[in-house]
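The values are calculated or read from the model by the stated rules, or taken from the named source; none is laboratory data. This one's a predicted model, so the numbers in the text were calculated from it and none came from an experiment. Every residue, glycine as well, gets a Cβ built from its backbone with ideal geometry; the counts of neighbours run over all protein chains shown. These accessible areas exclude ligands, DNA and RNA; they are computed on the full protein's heavy atoms, side chains included. Shrake-Rupley method; radii C 1.70, N 1.55, O 1.52, S 1.80 Å.
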Protein chains: 2
Amino acid sequence: MFEPSTLKDIAKALGLSTSTVSRALRDTHEISPETKKIVLEYAEKINYRPNPIALSLKERRSKSIGVIVSEVANHYFSQAINGIESIAYSRGYHVIITQTHESYEREKANIQHLASRSVDGLLVSLSAETSDTSYLQSLHKRGLPMVFFDRVADDIETHKIIANNEKGAFEATEYLIKKGCKRIAHLTSSAHLSISIERLEGYKQALEKYGLPFNQDYVKYCPHGGMFYEETETAVKELMALEEKPDAIFIAGDRLSIGCLVVLKNLKINIPEDINVTGFSNSDVLDLFNPPLTSVRQPAFEMGQIATEKLIKLIESKYPVYEFEKEVLETSLQVRDDL
Amino acid sequence: MFEPSTLKDIAKALGLSTSTVSRALRDTHEISPETKKIVLEYAEKINYRPNPIALSLKERRSKSIGVIVSEVANHYFSQAINGIESIAYSRGYHVIITQTHESYEREKANIQHLASRSVDGLLVSLSAETSDTSYLQSLHKRGLPMVFFDRVADDIETHKIIANNEKGAFEATEYLIKKGCKRIAHLTSSAHLSISIERLEGYKQALEKYGLPFNQDYVKYCPHGGMFYEETETAVKELMALEEKPDAIFIAGDRLSIGCLVVLKNLKINIPEDINVTGFSNSDVLDLFNPPLTSVRQPAFEMGQIATEKLIKLIESKYPVYEFEKEVLETSLQVRDDL
DNA sequence: TAAATCTATGCAATCGTTCCCGGCTAGCTT
DNA sequence: AAGCTAGCCGGGAACGATTGCATAGATTTA
């Protein structure tokens, strides 16, 4: 079943050699116009398509890039993926998407699977659980091109595309402060993630600017990025059990933001009466939420595009690249006040 | 850069032939235990991994399956993809996801790209725009295994996994009727999609059972599945411009349901005062919406799993398969009343 | 003791494609 | 007329892995 035609088939049918057929199809100058015409017409007729696997073997590249994200069911990542695809397909590259579900083990397995399947490069956003990136290091040292986006590994020298997390976090916290909140908690993903560190920093800076004290008890981490309901629930409960209950929460991630709203609803904690909330999210439908959630939005699509462009440039570079850039894109605060 | 080691490298280093090395690694009985040990240890040391591309060329299969959905940023599809991955990876298959964004052209391009990249099989959910499936037909005739899920092509003989759309639609409509609605509109995707036809049928049956008249003006199609805001907006506006305004809308899809809520909000049409709404959706956070949306939920994860199992069975079958099944899974009505 | 069997290994073809190299036949130059 | 070049084409190696067959030496058997 399903036996695609090969060069050899054409050669046999036309009484030519495979090399002639190959050259005719690739439009080399050393094939006579008549032969070319015959070959092209026959190839068209039997709908010949070169076998990409054979090509990959010969060219030692697969024209495909691997993408590692925590999950596609995340507004930020699904938008970033659209950006990635838009560039990749226009440049003739395949996109293979894998999900870590915030698990280090799955991340490692997926990436090694991709690398051994000969993807030409990797677009990586680390999982929440990942703190050890040595396996990535070794792939990188062996010359596999990779570009990080969103959640980057600081100890690997390559291109990185991130949002201005500090400023985004600053603005979100400032927004809460200007609404009159005094005790602002911070719910975030795992502590070693680059985005967690940067967003925490922005949060701290806003507190400092407005003369509010920083209280470590107000910072709650979710090592699994809120993949389990219980994780988020515990964090919220701990916050609400504090002697000095927070009057606001700034949330550092897309999944976490929505997860936190669910928890608050289930715990019958009302927004904004009992507590104010704002967070990072790229969801388009936050307006529909009750109450609407003011959010920090990242330029996900553009981040995906830029990361892919840089990756393809790395892949197609004739010489090893040693100059790497960290591109920082601005976020935007989407104010949704329940007036 | 990045030159993985090959059988030849090992053979040369150890003074053996590639065939011996190959056999030693595959643990054939005809290699002496000592040789095996030496080869295995050396392979381990240099971290040898067989080149999957060379293997694909030889075995004439790639151990990868292609998935075609409208978009991953859709709760139904992202859950289905998780189901697909869970089975595929456990069976050693790669998953390549492509998005059509409801466009026929992109669907065709993606599928032909996948087929020419030698995926071993296809998991297909048709785009809203697709009515001509002849290009799929021809691939199928040439022997490429494929399984449809959710949005199926009736004229292609293969396995199909769908939800009980008729019953789901019936229950949703019935729910609206029991709430007292008399003029129930139906907002749906493009008319030729299998799910549209089945859901319309369930809607009609509910109307009939409860003695309500069927009015064609109350049925609005979105040929692009609501990919553009304007498309949904126009449909809703047309409904609300009718002489006998509907007092409820039953919506036939995930994206459409959420899109419709956004439109209603922007048009300042209030739920449930001005109109009642219910629809198909697999979103986990509908509870957070204002007002909450009662929805029909499909067993997306299971559908993905079953489709993948059947596809792999097709792929690995030694003989051509002519007996195909249509598996129908039950939906569940998630009642969310704003009491 | 010679033949048969067995063990351990190497050779070479194969998958589909590209490309280097070399050969042949014109036609052109001197 | 002999040599040269250009145009056109085929042969075969290579990419990395598997595998049927051949073959070497060692061992067993009649």
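Answer yes or no: is there a residue in region A:73-88 that is over 21 Å from B:His113 (Cβ atoms), within 13 Å of chain B (Cβ to nearest Cβ), open to solvent by less than 40 Å² (accessible area, probe 1.4 Å) and not in a helix (DSSP H, G or I). Yes, region A:73-88 has at least one match. Residue-level analysis places A:Ile10 among those that are within 12 Å of DNA strand C (Cβ to nearest atom) and crowded, with 17+ Cβ neighbours inside 10 Å. Of all the numbered requirements in (1) within 8 Å of DNA strand C (Cβ to nearest atom); (2) away from chain B (no Cβ under 14 Å); (3) within 28 Å of B:Leu114 (Cα to Cα); (4) open to solvent by 90 Å² or more (accessible area, probe 1.4 Å), A:Ser22 misses one, and that requirement is (4).
Of all residues in region B:241-253, those that are open to solvent by less than 10 Å² (accessible area, probe 1.4 Å) and not aliphatic (A, V, I, L, M) total 2. Number of residues in region B:326-339 that are over 15 Å from B:Glu171 (Cα atoms), at pLDDT 95 or above and open to solvent by 90 Å² or more (accessible area, probe 1.4 Å): the value is 1.
The residue that is modelled with the highest pLDDT, among those in region B:287-313 that are open to solvent by 30 Å² or more (accessible area, probe 1.4 Å) and farther than 18 Å from B:Ala163 by Cβ, is B:Lys313.
When region A:52-69 is examined, which residues are found to be more than 11 Å from DNA strand D (Cβ to nearest atom) and in contact (Cβ under 8 Å) with a residue 24 or more places away in the chain? Across region A:52-69, the qualifying residues are A:Arg61, A:Ser62, A:Lys63, A:Ser64, A:Ile65, A:Gly66, A:Val67, A:Ile68, A:Val69. Here A:Ser103 fulfils each of the conditions (1) more than 22 Å from A:Lys318 (Cα to Cα); (2) modelled with pLDDT under 90; (3) polar (S, T, N, Q) apart from (2). Annotation: of all residues in region A:55-69 being among the aliphatic types (A, V, I, L, M) and buried (at least 18 other Cβ atoms within 10 Å of the Cβ), the one that is nearest to A:Glu316 (Cα to Cα) is A:Ile65.
All of B:Glu208, B:Glu238 fail the test of being in contact (Cβ under 8 Å) with a residue 12 or more places away in the chain and surrounded by fewer than 17 Cβ atoms within 10 Å (Cβ to Cβ), apart from B:Glu238.
Filtering region B:27-54 down to residues that are within 10 Å of DNA strand C (Cβ to nearest atom) and loosely packed, with under 15 Cβ neighbours inside 10 Å, which residue is nearest to the other protein chains (Cβ to nearest Cβ)?
In this case the residue turns out to be B:Thr28.
Filtered by the rule that a residue be buried (at least 24 other Cβ atoms within 10 Å of the Cβ) and closer than 25 Å to A:Leu123 by Cβ, region A:161-195 gives A:Ile161, A:Ala163, A:Asn165, A:Gly168, A:Ala169, A:Thr188, A:Ser189, A:Leu193, A:Ile195.
I need the full set of residues from region B:91-146 which are part of a loop (DSSP other than H, G, I, E, B), among the small types (Gly, Ala, Ser) and either open to solvent by less than 10 Å² (accessible area, probe 1.4 Å) or within 11 Å of chain A (Cβ to nearest Cβ) (or both), in order please. Those that are part of a loop (DSSP other than H, G, I, E, B), among the small types (Gly, Ala, Ser) and either open to solvent by less than 10 Å² (accessible area, probe 1.4 Å) or within 11 Å of chain A (Cβ to nearest Cβ) (or both): B:Gly92, B:Ser118, B:Ser125, B:Ser127, B:Ala128, B:Gly143.
Applying a threshold of 6 Å to beta carbon distances and a minimum spacing of six or more residues, or different chains, the list of pairs starting in region A:12-25 at a residue that is within 14 Å of A:Tyr48 (Cβ to Cβ) and in the same structural domain as A:Leu40 (by TED's automatic domain parsing) and ending at one that is near DNA strand C (Cβ under 7 Å from one of its atoms) and of a type in the set (Lys, Arg) reads A:Thr18/A:Lys8.
Could you please find all residues in region A:211-235 being farther than 19 Å from A:Ser190 by Cα and either touching a Ser or Thr at 6+ places or on another chain (Cβ under 9 Å) or surrounded by 15 or more Cβ atoms within 10 Å (Cβ to Cβ) (or both)? Of everything in region A:211-235, just one residue is farther than 19 Å from A:Ser190 by Cα and either touching a Ser or Thr at 6+ places or on another chain (Cβ under 9 Å) or surrounded by 15 or more Cβ atoms within 10 Å (Cβ to Cβ) (or both), namely A:Leu212.
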